[in-house]
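**Q** I'd like to ask you about the structure that follows.
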Amino acid sequence: MARLPIRTYPDPVLAAIAEPVGEITPEIAQLIDDMMLTMYESDGVGLAAPQVGQSIRLITLDETGPKERKKPMALLNPVIVSGEGCKESEESCLSLPTFSCKVKRYECVTVKGRNEKGEDVEIKAEGLLAVILQHEMDHLDGKTLVDHASRLKRTMYDTKVKKWRKD
Ligand code: NI
């Protein structure tokens, strides 16, 4: 397993619509392992393949976090089949250092996809797990938290990022 470098905004891979994953080849299996490790070592609860430069519909997550590591999960080609309720969550993202903003999310979601063994799975989620799923699935559609933020907040972050790139 290897820890992969995390792409940060405004890397174009983060704004691309990711491609569906076909068969689980040895390369995909390896990528899942690497993403899981990268997620834990970066102190994250979720990671999407575009964040490590792979524009494919694959996410890893673990709502119990990098200390417990009790519920590792990989999902391929996830889709939200239903969403209910509405809540505001304060979120941050490994691809957006120092940034956080409030996002409107479904309170409960049902997500379908395939797991790392290629089996069809359906997940009914609420609370933190529901938020992580929606956040990571946004990445597969080229969406990050800056797309949820106000124009002012986004402009301020753009200015900050430009300055970092110069320094
Ligand atoms: Ni993110």
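**Q** So, of the residues in the stretch 100-111 that are open to solvent by less than 30 Å² (accessible area, probe 1.4 Å) and more than 16 Å from the ligand (Cβ to nearest atom), which turns out to be nearest to Met156 (Cα to Cα)? Reasoning before the result, please.
**A** Step one: list which residues in the stretch 100-111 are open to solvent by less than 30 Å² (accessible area, probe 1.4 Å), which gives 101, 103, 105, 109-111.
Now narrow it down to the ones that are more than 16 Å from the ligand (Cβ to nearest atom): 109-111.
Values: Val109: 32, Thr110: 35, Val111: 34 Å.
Only one residue tops the list, namely Val109.
**Q** Which of the residues belonging to the stretch 133-151 are open to solvent by 50 Å² or more (accessible area, probe 1.4 Å), assigned to a helix (DSSP H, G or I) and within 12 Å of the ligand (Cβ to nearest atom)?
**A** Hit for the stretch 133-151 is Asp147, nothing else.
**Q** Are any residues in the stretch 70-87 closer than 22 Å to Ile24 by Cβ and in a loop (DSSP other than H, G, I, E, B), and if so, which ones?
**A** Across the stretch 70-87, the qualifying residues are Lys71, Pro72.
**Q** Also: Taking Pro72 and the conditions (1) open to solvent by 20 Å² or more (accessible area, probe 1.4 Å); (2) under 11 Å from the mean Cα position of the chain (by Cα), which numbered condition does it fall short on, given that it satisfies the others?
**A** (2)
**Q** Pull up the stretch 37-67, narrow it to residues that are assigned to a loop (DSSP other than H, G, I, E, B) and touching a Leu at 6+ places or on another chain (Cβ under 7 Å), then point me to the one that is nearest to the ligand (Cβ to nearest atom). Steps first, please.
**A** Taking the stretch 37-67 as the starting set, the residues that turn out to be assigned to a loop (DSSP other than H, G, I, E, B) are 42-45, 53-55, 57, 62-64.
Checking the rest, the ones that are also touching a Leu at 6+ places or on another chain (Cβ under 7 Å) come to 42, 44-45, 54, 57, 63.
Details: Ser42: 11, Gly44: 8, Val45: 10, Gln54: 14, Arg57: 15, Glu63: 14 Å.
The extreme case among them is Gly44.
Per-residue answers, yes or no, for (1) part of a strand (DSSP E or B); (2) surrounded by fewer than 19 Cβ atoms within 10 Å (Cβ to Cβ); (3) under 14 Å from the mean Cα position of the chain (by Cα); (4) of a type in the set (A, V, I, L, M):
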residue: Ser89; (1), (2), (3), (4): yes, yes, no, no
residue: Thr98; (1), (2), (3), (4): no, yes, no, no
residue: Gly113; (1), (2), (3), (4): yes, no, no, no
residue: Val131; (1), (2), (3), (4): no, no, yes, yes
residue: Lys153; (1), (2), (3), (4): no, yes, no, no
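The values are calculated or read from the model by the stated rules, or taken from the named source; none is laboratory data. Worth saying up front: this structure is predicted, and the values here are computed from it rather than measured. Neighbour counts are summed over all protein chains in view; Cβ atoms, including those assigned to glycine, are modelled from backbone coordinates with ideal geometry. Calculation scope for accessible area: heavy atoms of the full protein, side chains included, ligands and nucleic acids excluded. Shrake-Rupley method; radii C 1.70, N 1.55, O 1.52, S 1.80 Å.
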